[in-house]
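The values are calculated or read from the model by the stated rules, or taken from the named source; none is laboratory data. Keep in mind it's a predicted model, so treat the numbers as computed, not measured. We place every Cβ from the backbone using ideal geometry, glycine too, and count neighbours over all the protein chains shown. Calculation scope for accessible area: heavy atoms of the full protein, side chains included, ligands and nucleic acids excluded. Shrake-Rupley method; radii C 1.70, N 1.55, O 1.52, S 1.80 Å.
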Amino acid sequence: MSEQEGEQSDRKKYEFQKVIEDLRDYEGSGTQLVTIYIPPDKQISDVVAHVTQEHSEASNIKSKQTRTNVQDALTSIKDRLRYYDVYPPDNGLVIFSGAIDSGGGRTEMVTKVLEDPPEPIQSFRYHCDSAFLTEPLEHMLADKGLYGLIVLDRREANVGWLKGKRVEPVKSASSLVPGKQRKGGQSAQRFARLRLEAIDNFYQEVAEMANDLFVPKRGELDGVLVGGPSPTKDEFLDGDYLHHELQDQVLGKFDVAYTDESGLYDLVDSAEDALADAEVMKDKNEMEEFFKQLHDGNKATYGFEPTRQNLVMGSVDRLLLSEDLRKDVVVYDCGDKEEFEFIDRREDTPTHTCENGAEAEVQEREDAIEYLMTIAEQRGTETKFISTDFEKGEQLQSAFGGVAGILRYSTGV
């Protein structure tokens, strides 16, 4: 994936996350909020037929209000489906529709369409409840990383992928290593030699499987995990059977009892701490560099306004945004220039007095992350979302307003 594609993916994930946060806050009276997950291979005509059938069956709902709301939601969904031809977009489609409580006993009809989620939708789901079904999408958005998996003992081996939270078994092999008991007529020395040769050949076969699978993806690979009983996994790694670039990406070796496909799942469970550390390590490295520049260098910026000015100048190499940033930017027209307020998303738009004393007119109000990412994309600046799951990441949010940057050169701003 190119840097530009990565940034587009980050933007899409953020936009999805924002919609999901809104959807989680919605409630409906009774079971009147409808969610439909449509996989990429599901024909739109089949979905329309399903929705039509549900609309007909909804006429049996006893509560008039719930019946009306469910049928209105299904009609809205059918209207949205008309925009698509035979199949949904590449990774599928999710539609949310229903009458949400808007306070004071009133309801408001909401319909949201999310196209092409980060991962393909696996199966068709129709869900009607008092809350929208967002968990499958949340799992997709939490998915991060691409890891190579190897489990082996002296009898068998399996290799596969961990893509986000999804384990994909790919290749397996069985060994011809003889058992520890030699057959009659063989000398102990000869038997031991043949056995070691068979073990060596098997390790080479496993390494070849792993190399064929992982090496072409080594630029995207976040690490390799190796599991199995001792001493097998130790012999395999210590023997340098893997391609040298993969050997450098091994995050750890883990005790795993099974080496069939189920062993790949056990390996991921055993490596949970290492995976969490590997993911957050990227964020830690960014924040370490930021603090180094802040204290000992002159290529750090923080806070909304200084970072915005540096972005506009094109001097920001990496824009650092807290994953917990929930702010809006209000842009005011002050005649010969624009002025800004950086406010909590839940606040009303404040009045603003321009530096020249005039009362400002609101030009626009926009989500702060989208506002800053747009400038970053225009200036060739990479955007990094920083977790708050470690001390310096939490400091970015609490001490620096959730916005900072590492500069290409010092600007004095």
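Structure notes:
- Hull-based mean projected area of the chain, where the convex hull spans the alpha carbons, in square nanometres: 28.7 nm²
- The Rg/Rh ratio of region 281-413, with both radii computed over alpha carbons and Rh defined as the Kirkwood radius, is 0.99.
- Placing +1 on the Cβ of every Lys and Arg and -1 on the Cβ of every Asp and Glu, with nothing else charged, gives region 274-413 a dipole about its Cα centre of roughly 580 debye.
- Positive contributions from Lys and Arg (+1) and negative ones from Asp and Glu (-1), summed over other residues with Cβ under 13 Å from the Cβ of Thr107, come out at -3.
- Rg over Rh [alpha-carbon atoms, Kirkwood Rh] for region 1-155: 1.06
- Region 338-393 - charge dipole about Cα centre, Lys and Arg +1 at Cβ, Asp and Glu -1, debye rounded to 20: 320 debye
- Dipole in debye (nearest 20) - the chain, about Cα centre, beta carbon charges: Lys, Arg +1; Asp, Glu -1: 1660 debye
- Region 228-329: mean projected area of Cα convex hull, nm²: 10.6 nm²
- Applying a threshold of 24 Å to the alpha-carbon distances of Lys42/Lys171; Lys12/Lys112; Lys217/Lys392 flags Lys42/Lys171; Lys217/Lys392 as lying beyond it.
- Histogram of C-alpha separations across region 275-315, 10 Å bin width, %: 27, 39, 27, 6
- Directionally averaged shadow of region 11-75, computed from the convex hull of its alpha-carbon atoms, nm²: 5.5 nm²
- Rounded D (µm²/s) - region 295-341, Kirkwood Rh over Cα pairs, Stokes-Einstein at 4 °C, 1.567 mPa s: 103 µm²/s
- Dipole of region 295-413, positive direction: furthest Cα of Gln397, Pro306, Gly380, with charges on the beta-carbon: Gly380
- Among Ile199, Thr259, Gly219 - extreme Cα towards positive end, dipole of region 197-262, charges at beta-carbon: Gly219
- Every Cα-Cα pair of region 139-296 was included, and the share exceeding 29 Å stands at 27 percent.
- With every protein chain in place, the chain: carbon and sulfur % of accessible area (1.4 Å): 44 percent
- Probing with 1.4 Å while keeping every protein chain in the model, the per residue accessible area of region 255-320 equals 51 Å².
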